[in-house]
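Take a look at the structure below.
The values are calculated or read from the model by the stated rules, or taken from the named source; none is laboratory data. Just so it is clear, the structure is predicted and the values come from calculations on it, not from any experiment. As a convention, Cβ positions derive from the backbone with ideal geometry for all residues, glycine included, and neighbour counts pool all protein chains shown.
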Amino acid sequence: MNRPLTVVVSGLGIAQIITWGSLYYPIAVLGERMQQDLQVSSNILFAAFTLSLSISGLAAPAVGRLMEAHGARVVLCAGSVMAMLALCLLAAASGPLSLFAAALLAGCAMSACLYDAGFMALNQIAGDAYRRSVTGLTLFGGFASTVSWPVSQWLMAMAGWRQALLFYALLQLLVCLPLHACLLPGNGRKPGSLPDRPAATGQAPRIAWLALAFASGSFVLSVLSVHLIGMFRTSGLSEAQAVMIAALVGPTQVLGRLLELGMGRNTRAVHVGTLTFAAMILGMTALFLLDGSTRLAYLVAALYGISNGLMTIVRGIVPAELYGRQDYTTLLGRLARPAFVARALAPFGFTLALASLGQVSTMRLLLAISLVATVAYWLAVRDAGRRYIKRAAD
């Protein structure tokens, strides 16, 4: 089966929109009604959501090993089936026990069919076009919330939240599963220009620094994704200003990914990573100094959007440039685990810190974590130039 790569990326991108829109984004719209019907608190509901994200991170290395052993088709098809079952179970939930059971299965599904699984699949089939394919896939995924939120609102108004989830389950069965089954090979990879040898051998300390960078960066960006509007309001902006300025995040996120798509031929992946972490720490610095300034708020939203948009791509392309592509799915799984867990724990951790330390100290802590992420990234890639030249010569 030799389908054009653009067709494969487009099909996987459609599946990403549906899966993000089924498993990740609907809670923002359906959550309040779910709480009422299930008679659970918001803490219980979001604890279940946190469980899903944590499980997705913990399962990531196993997903990488399974994809190396059995190929992309088996893993992503299994992910679609698990997503369908999780959504059906959630639609039938009657209390906390069934809610957490559905969350557990949804976490496994996330690990098997969201971005990192998509990157692993592209590593096996994209060859020299891997980096461009990763960027293309994330461009599709960037529209997931734009599609999911209004669709979820309409479905809930028309039929209720349970029927909305069953509709998403049907999409997993009728759209995502056939796309994964028809577009992906059962096994095998297409050779690329990056060395197909175990370049990561002996690089455990640098991989650990890279994992810390991705985990710390994911923590900061996850906090902002949930709390940015609240931070704007606490700094002195009105609710209308906070919402209007935060709406800039989506377009700048897509802009960042488009810039990477344009720069890809002439800019090394590690330099895109440097830009990503620089944008994050500059955005956090501007947020710390905000004090009601609308100009700084616009800067924060733009820098956060660019950093968040690029971070997903960087997690997929920088390890390939640094360590080659042999056993790459396993490496991506190892790097994904701490990042997913950090992202899952970030909103709750920030709320806890805010209650314990206060606004100023918590903001200082968040700025410090962004600095840790930036330094850890530098330590992971600081001699990447020499290694890149050496590998090219080999």
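Hey, could you check the stretch 357-366 for residues that are surrounded by fewer than 17 Cβ atoms within 10 Å (Cβ to Cβ) and touching a residue at least 12 places away in the same chain (Cβ under 8 Å) and say which is nearest to the chain's Cα centre (by Cα)?
Checked the stretch 357-366; the qualifying residue nearest to the chain's Cα centre (by Cα) is L365.
Would you confirm, using the coordinates I've provided, whether G118 is crowded, with 24+ Cβ neighbours inside 10 Å, among the small types (G, A, S) and either under 25 Å from I313 (Cβ atoms) or in the same structural domain as S80 (by TED's automatic domain parsing) (or both)?
Yes: the conditions hold for G118.
Report whether or not I313 is crowded, with 24+ Cβ neighbours inside 10 Å, in contact (Cβ under 8 Å) with a residue 24 or more places away in the chain and either outside any helix (DSSP H, G or I) or in the same structural domain as A368 (by TED's automatic domain parsing) (or both).
Yes: the conditions hold for I313.
Considering P205, P178, P185, which residue is under 28 Å from H70 (Cβ atoms) and modelled with pLDDT under 85?
Of P205, P178, P185, the one residue that is under 28 Å from H70 (Cβ atoms) and modelled with pLDDT under 85 is P185.
Tally time: how many residues in the stretch 23-56 are outside any helix (DSSP H, G or I), closer than 24 Å to A215 by Cβ and touching a Ser or Thr at 6+ places or on another chain (Cβ under 6 Å)?
Number satisfying all stated conditions: 1.
Taking the stated definitions as given, is S111 polar (S, T, N, Q), farther than 19 Å from R315 by Cα and assigned to a helix (DSSP H, G or I)?
Criteria not met by S111.
Evaluate the following for Q16: is it more than 30 Å from G71 (Cβ to Cβ) and of a type outside the set (V, I, T)?
So Q16 does not fit the description; no.
Being of a type in the set (S, T, N, Q), farther than 19 Å from A320 by Cα, touching a Leu at 6+ places or on another chain (Cβ under 8 Å) and outside any helix (DSSP H, G or I), is that true of even one residue in the stretch 133-155?
For the stretch 133-155, residues of a type in the set (S, T, N, Q), farther than 19 Å from A320 by Cα, touching a Leu at 6+ places or on another chain (Cβ under 8 Å) and outside any helix (DSSP H, G or I): absent.
Does any residue in the stretch 226-237 that is of a type outside the set (S, T, N, Q) come within less than 6 Å, Cβ to Cβ, of a residue that is surrounded by fewer than 19 Cβ atoms within 10 Å (Cβ to Cβ) and outside any helix (DSSP H, G or I) six or more places away or on a different chain, and which pairs are these?
Cβ pairs passing all conditions: G236/G292.
From the set of residues in the stretch 142-175 that are under 25 Å from L258 (Cα atoms) and crowded, with 22+ Cβ neighbours inside 10 Å, which is nearest to the chain's Cα centre (by Cα)?
Of everything passing the filter in the stretch 142-175, G142 is nearest to the chain's Cα centre (by Cα).
Residues being over 18 Å from R343 (Cβ atoms) and either outside the structural domain of A164 (by TED's automatic domain parsing) or in contact with a helix residue (DSSP H, G or I) (Cβ under 6 Å, 6 or more places away or on another chain) (or both): count how many of those fall in the stretch 9-20.
7
Hey, G305 hits all of (1) closer than 18 Å to Y130 by Cβ; (2) without any contact (Cβ under 8 Å) to a residue 60 or more places away in the chain; (3) under 18 Å from the mean Cα position of the chain (by Cα) but one; which does it fall short on?
G305 satisfies all of (1) closer than 18 Å to Y130 by Cβ; (2) without any contact (Cβ under 8 Å) to a residue 60 or more places away in the chain; (3) under 18 Å from the mean Cα position of the chain (by Cα) except (1).
Among the residues of the stretch 228-257, write down those that are within 22 Å of G141 (Cβ to Cβ) and of a type outside the set (A, V, I, L, M, F, W, C).
Matches in the stretch 228-257: G250, P251, T252, Q253, G256, R257.
Scan the stretch 59-76 and give yes if some residue there is in contact (Cβ under 8 Å) with a residue 40 or more places away in the chain, touching a His at 6+ places or on another chain (Cβ under 6 Å) and surrounded by 22 or more Cβ atoms within 10 Å (Cβ to Cβ), otherwise no.
Looking for residues that are in contact (Cβ under 8 Å) with a residue 40 or more places away in the chain, touching a His at 6+ places or on another chain (Cβ under 6 Å) and surrounded by 22 or more Cβ atoms within 10 Å (Cβ to Cβ), one finds at least one in the stretch 59-76, hence yes.
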